[in-house]
1. Among the residues of region 1-28, write down those that are surrounded by 11 or more Cβ atoms within 10 Å (Cβ to Cβ), in a strand (DSSP E or B) and within 25 Å of the chain's Cα centre (by Cα).
2. Just need a number here: residues in region 48-74 that are exposed (fewer than 15 other Cβ atoms within 10 Å of the Cβ) and in contact with a helix residue (DSSP H, G or I) (Cβ under 8 Å, 6 or more places away or on another chain).
3. Does at least one position in region 143-153 carry a residue that is at pLDDT 85 or above and under 12 Å from residue 61 (Cβ atoms)?
4. Filter region 29-67 for residues that are assigned to a loop (DSSP other than H, G, I, E, B) and under 26 Å from residue 15 (Cα atoms) and give the result.
């Protein structure tokens with residue numbers, strides 16, 4: 001494992017423990033070169049579907065992109081990184097459970113929005129405005145009205 005601080009390739013594992021209900025192994029490592037410690041996570045590599053983009057391009061499902069989108073939507077909101085990680089885990093699991101070899105990017109986007117609507121309404125509207133490419137304030141207002149109605153219906 002390459003040290004994130006000094007790029008040394010040699011390290012030693014100081015501590016290992018299971019995380020996320022046994023699905024992940026958390027390892028504390030110490031760099032042999034600079035002696036600093038860092039954490040890595042090890043998980044079983046699942047077979048994930050290929051995402052079919054709007055323009056027909058295909059790319060491998062990337063949990064990092066999901067996580068990045070969630071982080072951007074939740075920026076400056078009172079949401080912990082652990083909560084965002086857990087949301088990304090749930091999304092990845094739901095997509096895996098579909099069992100498809102290919103999945104439309106719209107399905108992924110809708111799943112992200114469903115997760116954000118449960119997590120934080122401001123983050124949801126931020127993501128929706130970019131994902132649905134809002135062109136004006138009226139589209140924002142329509143989305144806010146829909147969100148308010150769903151909230152009342154709960």
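1. If the condition is that a residue be surrounded by 11 or more Cβ atoms within 10 Å (Cβ to Cβ), in a strand (DSSP E or B) and within 25 Å of the chain's Cα centre (by Cα), then 16, 19, 24, 25, 26, 27, 28 are the ones that fit.
2. Of the residues in that region, 3 qualify.
3. No, that holds for no residue.
4. 32, 33, 34, 35, 36, 44, 45, 46 - these are the residues of region 29-67 that are assigned to a loop (DSSP other than H, G, I, E, B) and under 26 Å from residue 15 (Cα atoms).
Let's see how each residue does on (1) touching a strand residue (DSSP E or B) at 6+ places or on another chain (Cβ under 6 Å); (2) surrounded by 12 or more Cβ atoms within 10 Å (Cβ to Cβ):
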residue	(1), (2)
90	no, yes
94	no, yes
102	yes, no
109	no, yes
126	no, yes
133	no, no
152	no, no
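The values are calculated or read from the model by the stated rules, or taken from the named source; none is laboratory data. All figures in this text were calculated on a predicted structure; none of them were measured in a lab. Glycine gets a Cβ as well: all are built from the backbone with ideal geometry, and neighbour counts include every protein chain shown.
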